[in-house]
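The structure appears below as structure tokens.
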Amino acid sequence: PVTATPTPKVGVAVFLLKGSKVLLGKRLSAIGHSTFALPGGHLEFGESFEDCATREVKEETGLDIDKTEYLTVTNNVISEKVHVVCIFMRAVPADPSQNPQTLEPEKCDGWDWYEWNNLPKPLFGPLEDMVQSGYNPFPTTAS
Ligand code: 8DG
Ligand code: MG
Ligand code: MG
């Protein structure tokens, strides 16, 4: 059709956690250009959230992930044409000594580990909203 009706998409973003750090990359995509975001992408037809997380992290960083689990979901109306229901997962690197690679240089300026208490700015809008609300992706340790 010439004028397609926009529809919501499903995104999967991954809090890849190493110690007290999280993996972020500066986006070069039109949506959220120059902001720091988690690795992730769109859910493919028939895919599980876990499989999408594993695939997107591998495609974007070359890293293999482990202990992948669902955290939460947010509804993100990003612009007049972009509405993404984003599933947030967390995981740890399968091999903590493995370094992230910039495998999609047209979409990301580069990946690095950042202390949760000292995140870079600006964060991608949906991620900034979570941080502002006090969200913490790290597992709570038994006390
Ligand atoms: P694909 O073609 O590889 O499937 O998609 P992509 O180019 O990698 O998609 P993306 O924009 O990186 O992620 C899909 C959507 O997920 C994004 O447009 C909005 C939503 N999203 C959030 N927060 C985050 C986040 O922190 N990181 C990523 N990557 N996506 C996020 O709401
Ligand atoms: Mg992707
Ligand atoms: Mg992506």
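The values are calculated or read from the model by the stated rules, or taken from the named source; none is laboratory data. Treat the numbers as computed from the prediction; the structure is a model and nothing was measured. Using ideal geometry, Cβ is built from the backbone for each residue, glycine included, and neighbour counts are taken over all protein chains shown.
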(request) Search the stretch 61-89 for residues being in contact with a Gly (Cβ under 9 Å, 6 or more places away or on another chain) and in a strand (DSSP E or B), and hand back the single one that is surrounded by the fewest Cβ atoms within 10 Å (Cβ to Cβ). (result) V85
(request) Identify, by number, the condition in (1) within 16 Å of ligand 2 (Cβ to nearest atom); (2) under 13 Å from the mean Cα position of the chain (by Cα); (3) more than 18 Å from G19 (Cβ to Cβ) that T74 doesn't meet. (result) (1)
(request) Could you tell me which residue of the stretch 55-66 is farthest from ligand 2 (Cβ to nearest atom), considering only residues that are under 14 Å from A94 (Cβ atoms) and touching a residue at least 24 places away in the same chain (Cβ under 8 Å)? (result) D66
(request) Would you check which residues across the stretch 93-143 are within 19 Å of G40 (Cβ to Cβ), among the charged types (D, E, K, R) and not in a loop (DSSP other than H, G, I, E, B) and list them? (result) D109, D112, E128, D129
(request) Just give me the residues in the stretch 93-143 being polar (S, T, N, Q) and modelled with pLDDT under 95, in sequence order. (result) T140, T141, S143
(message) Show the residue pairs meeting these rules: Cβ distance below 8 Å; 6+ apart or different chains; first residue within the stretch 85-112 and farther than 13 Å from V22 by Cα; second residue within 13 Å of ligand 3 (Cβ to nearest atom) and among the basic types (K, R).
(response) V85/K9; K107/R27; C108/K26; C108/R27; D109/K26; D109/R27; G110/K26
(message) Test of understanding: among G41, G25, which residue is assigned to a strand (DSSP E or B), near ligand 1 (Cβ under 8 Å from one of its atoms), out of contact with any Lys or Arg (no Cβ under 7 Å at 6 or more places or on another chain) and under 24 Å from Q98 (Cα atoms)?
(response) G41
